[in-house]
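**Student:** Have a look at this one before I ask anything.
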Amino acid sequence: SVSVLDGVDIVYIARASVRTLVRLEAHVGSRFPAYATSMGRVLLSGLSSECLARYYEQATFSALTERTVNQRSKLERLIKECRRAGYAAVEDELAYGVTAVAVPIVDEQGRVVAALNSSSHSKKISQATLVRERVGLLQEISRQISGELWRVPGLSLSAQS
């Protein structure tokens, strides 16, 4: 999936999915709170200090599950870790059964303009296994997408604010 930040939410702009019996229903146009998603944390990690402070002022951090990180101090640490590691991962935070890992898509200046993720059912694969098996592939795909975006004449992507 690919998403962008819109206010305090992520919005899906592309999605490919394997049909399963149990899955979070997401499609192009779906909105989810940024703080509880891997893509949201990647997008938040790309914000300037001022924009991130504005996000914290505007967002409401509810516990969507028992595992949702909804304390600002913990979220701040996770976003810093995402900046350092280059990816974010969640398990059972947005909804039970959902584990996901995301990486940034960047513009020519290296600014985060979108997030790319892969998700699965948390009963089928652990967050650690998902990270180990998919981060490298996602990073390669992100580099390809970023490179293609840079080649589009007249397309001027800017950092989210």
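The values are calculated or read from the model by the stated rules, or taken from the named source; none is laboratory data. Remember, predicted model here, so these are calculated numbers, not experimental data. All Cβ positions, even for glycine, are placed from backbone atoms using ideal geometry, and neighbour counts span all protein chains on display. Just so you know, the surface numbers come from the protein's heavy atoms only, side chains and all, with ligands and any DNA or RNA stripped out. Shrake-Rupley method; radii C 1.70, N 1.55, O 1.52, S 1.80 Å.
**Student:** Using the beta-carbon distance between A63 and R31 and R0 = 25 Å, what value does 1/(1 + (r/R0)^6) give for FRET efficiency, to the nearest 0.05?
**Tutor:** Working: r = 19 Å, r/R0 = 0.74.
After rounding to 0.05, the efficiency reads 0.85.
**Student:** Under the rule of -39500 (n - 2.57) per DSSP H run of 4 or more residues, summed and divided by the residues of the chain, what mean residue ellipticity at 222 nm is obtained, to the nearest 500 deg cm²/dmol?
**Tutor:** The helix-only estimate for the chain comes to -11500 deg cm²/dmol at 222 nm.
**Student:** Using the beta-carbon distance between R83 and Q144 and R0 = 25 Å, what value does 1/(1 + (r/R0)^6) give for FRET efficiency, to the nearest 0.05?
**Tutor:** Taking R0 as 25 Å, the efficiency between R83 and Q144 is 0.70.
**Student:** Please compute the Kirkwood hydrodynamic radius of region 1-153 from all pairs of different C-alpha atoms, in Å with one decimal.
**Tutor:** Working: mean 1/r = 0.0646 Å⁻¹.
Computed over region 1-153, the radius equals 15.5 Å.
**Student:** Determine the share of the chain's accessible area contributed by carbon and sulfur atoms, expressed in whole percent, with a 1.4 angstrom probe. Please report the intermediate quantities before stating the final value.
**Tutor:** Values: 4480 of 8730 Å².
Reported share for carbon and sulfur atoms: 51 percent.
**Student:** May I pose another question? Using the Kirkwood radius built from alpha carbon pairs, what does the Stokes-Einstein equation give as D for region 97-151 at 10 °C and 1.306 mPa s, in µm² per second?
**Tutor:** 135
**Student:** Based on the Cβ-Cβ distance of R151 and A53, what FRET efficiency does E = 1/(1 + (r/R0)^6) give at R0 = 30 Å, to the nearest 0.05?
**Tutor:** Step by step, r from the Cβ atoms, then E = 0.30.
**Student:** Would region 29-93 count as rounded, prolate or oblate if I go by the C-alpha gyration tensor, calling it rounded below 1.5 in a/c and otherwise prolate when a/b exceeds b/c, oblate otherwise?
**Tutor:** rounded
**Student:** Per residue, how many Å² of accessible area does the chain show with a 1.4 Å probe? Can you show the working numbers first?
**Tutor:** Numbers: 8730 Å² over 161 residues.
With the other protein chains kept in place, the chain gives 54 Å² per residue.
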